[in-house]
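Everything below concerns the one structure shown next.
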Amino acid sequence: MEKEGQVVWVVVSLVVATALMLPLLHRLRLSSRRGLRLPPGSMGLFFFGESLSLKCQRMNFYTSREKRYGKVFKTHLFGHPSIVITSPDAAQFVLLEQPARFKQRGLPIIEKLVGDLFFGYQTQRKHARLRKFMHGPLLPETLENSISDIEALATSMLHSWELKTINILEEAKHYALKVAMEYVVGAAPHYEKEELTKACEHLIRGVSSIPVNIPGTHYHKALKDSKKKACALLENIVSWRQLEKRPHGDILGILMDTQDEDGCKLTPNEIHDNVLTLLYLGHDTAAAALTWAVKYLTDNPKLLEDVTAEHETIRQKKTSQDETLMWSDIKDQMPLSIRVIKETLRIANIVEFCYREVVEDVEYKGYLFPKGWRILVAHSAVHSNSEYYTNPGEFNSSRFKIAPKPYTYTPFGNGAHVCLGRELANLELLIFLHHFTLNYRWESIGDTDGSEYAPIHVPKGGFPIAVRRRSMTDGKGS
Ligand code: HEM
Ligand SMILES: *[C@@H]1O[C@H](CO)[C@@H](O)[C@H](O)[C@H]1NC(C)=O
């Protein structure tokens, strides 16, 4: 009996000791690989890592660790050992020079809810192939033809704001989703398209919820109901198109037609995940950008006056009030508005970082980036660093009269995965600003300070404003 007890005791001790040693052994094994060492940094608390610190400190998380460890440091975030990069050189290395060794990933909640079969997360070859086709509908030449459609969406939204108090973020989400929808699922029966829009809004709301999968939570509803509903609706649209036998130049059409090198078509699940991820990427980001732009214009009355004057000049050149905007108006006649958007994206850092998985062990300047670890290319930290921007905390659109130093301005990412929708985002923002500043004035309501990460960076509370039509007494002319 006693002997048995001793054996059990020894076995238990061994198991516990090994469990305790494992992380240490793991680290030793890693650091002995090719004599490389891991970047400095702290892995934080067991299980939680440093996710809570990031959540509480945000920009300060990057600056404090950068001061202590340098611009490449290790940490543990979102359930994975990770390396954070806050230097333009290292960012260039990961995003531009070695794309095959760093695979794009979405945050766990996004992959789980919106889909992990998105083309960006696939192998480099598969990604490049699909990206080439998907770019078509989002190229400037194609976008040019839909200026009047976007304008109609913007003006009808603005019309509905008159004499009301609205939450810009919520309104901008509808607008951005409708715009993205035209490129992604352009042709579809009315009912299916409306319902798909609603299902997507619910699904995407789940992305900013707390990921607790028990009945009653937003997350559970998004995962169980909205995702299923969205996929079923997409299937209806796909069947409808197959019956129609007419080619459609939108992204769904491209996804339905493309084949890989072996002649295989995408599976229905791949089509769903790509459509839903695209709608997600095109929707929350542009909506946040629009909301921040309005906030900065509200905070800077002189700037608002100058932006309005720029748009008045464009309108005055038109023969009738109704004449719609032309591509040349947008490209050549809105330099100040374009700088305002650039500065908005720099200072608001809507997308905080680009997320990657290390595909194989990589060496960078004597450091080991171990296979399986995650990389956060934190361009938000670069945008907020006084080494690259004087008075980085100050909104100053004039700074973009001079081009920023190479690789220091990357709100849309860089390299193989650089945002496919950046031209569209600019277009929908500029068209909105044109009509908004020309025809409306507004006051912010309540406390407008603070912001939150959902996980896109947005003003807290969504920036409510009371809107009225602009009158003769609001600045000169009208
Ligand atoms: C102001 C608004 C936007 C911002 C700040 C933004 C930001 C970004 C960033 C930082 C990336 C790179 C991600 C990475 O490398 O991991 C990205 C990728 C992407 N964005 Fe955007 N985006 C915006 C609007 C849009 C819109 C309107 C669309 C389209 C409908 C869109 C579609 C995409 C797609 C498809 C990718 C993935 C490209 C790839 O992996 O090859 N984005 N975006
Ligand atoms: C804004 O930036 C410009 C160009 O960098 C600079 O000349 C100007 O002094 C800045 N304005 C303020 C108020 O800091």
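Counting only chymotrypsin sites (Phe, Trp or Tyr not before Pro) that DSSP places in a loop and that have at most 10 other Cβ atoms within 10 Å, the longest clean stretch of the chain runs over 48-478. Simple point charges give the picture: +1 on the Cβ of Lys and Arg, -1 on the Cβ of Asp and Glu, and for the chain a dipole about the Cα centre of about 1400 debye. Helical runs assigned H by DSSP (4 residues or longer) give the chain a calculated mean residue ellipticity at 222 nm of -16000 deg cm²/dmol, each run adding -39500 (n - 2.57) before division by the residue total.
Each principal axis of the stretch 335-403 carries a Cα extent, and these read 45, 21, 18 Å when sorted largest first. In vacuum, with every alpha carbon of the stretch 150-219 counted as one equal point scatterer, what does the Debye formula give for log10 I(q)/I(0) at q = 0.13, 0.15, 0.25 Å⁻¹? Two decimals, please. Those come out to -0.49, -0.64, -1.14, one per q.
Here the stretch 99-242 is assigned +1 on the Cβ of each Lys and Arg and -1 on the Cβ of each Asp and Glu. Its dipole about the Cα centre then comes out at about 1020 debye.
Counting only Cα atoms, the size of the stretch 34-125 along its three principal axes is 38, 31, 27 Å, in decreasing order. Quick one: angle between helix 227-244 and the longest Cα principal axis of the chain, in degrees between 0 and 90, rounded to 10, please. Approximately 60 degrees, to the nearest ten. 3J(HN,Hα) along the stretch 77-85: 9, 6, x, 9, x, 9, 10, 9, 10 Hz, from the Karplus curve 6.51 cos²θ - 1.76 cosθ + 1.60 with θ = phi - 60°, whole Hz, x for Gly and Pro. Each of Ser160, Ser471, Ser209 has some number of other Cβ atoms within 10 Å of its Cβ, and from fewest to most they run Ser471, Ser160, Ser209.
Ordering Lys401, Lys71, Lys198 from the fewest to the most neighbouring beta carbons within 10 Å gives Lys401, Lys198, Lys71.
Close amide H pairs (under 5 Å, H built 1.01 Å from N) link Tyr364 with Phe369, residues at least 5 positions away or on another chain.
Taking a ≥ b ≥ c as the square roots of the eigenvalues of the alpha carbon gyration tensor, the stretch 222-373 is oblate, as a/c is not under 1.5 and a/b does not beat b/c.
Too long at a 23 Å Cα-Cα cut-off: which of Lys302/Lys342; Lys103/Lys132; Lys71/Lys405; Lys71/Lys173; Lys224/Lys245; Lys193/Lys245? The pairs that break the limit, which is 23 Å between Cα atoms, are Lys71/Lys173; Lys224/Lys245. Each of Thr155, Val94, Phe46 was placed along the dipole of the stretch 30-185 (beta-carbon charges, centred on the mean Cα), and the one lying farthest toward the positive end is Phe46.
Between helix 335-348 and the chain there is an angle of about 30 degrees, using the helix long axis and the longest principal axis of the Cα atoms. What are the lysines whose alpha-carbon lies under 19 Å from the alpha-carbon of Lys221, with same-chain residues fewer than 8 places away excluded? Straight-line reach from Lys221, under 19 Å: Lys112, Lys198, Lys229.
Against the compact-protein benchmark of 2.2 N^0.38 Å, the Cα-based radius of gyration of the stretch 178-246 scales to 1.24. Taken over the stretch 390-478, the alpha-carbon convex hull comes to 164 cubic angstrom per residue.
Put the Cα centre of the stretch 432-447 next to the Cα centre of the stretch 175-193 and the gap is 26 Å. Considering only the Cα atoms of the chain, their convex hull presents on average a projected area of 29.0 nm². Could you work out the pair-distance distribution P(r) of the stretch 109-251 from its alpha-carbon pairs, with 10 angstrom bin width and percents rounded to whole numbers? Going out from 0 Å in 10 Å bins, the stretch 109-251 shows 10, 30, 39, 19, 3, 0 percent.
Rule-based calculations on the coordinates, nothing more; no lab input. The model shown is predicted, which means the values in this text are computed figures rather than measured ones. Every residue, glycine as well, gets a Cβ built from its backbone with ideal geometry; the counts of neighbours run over all protein chains shown.
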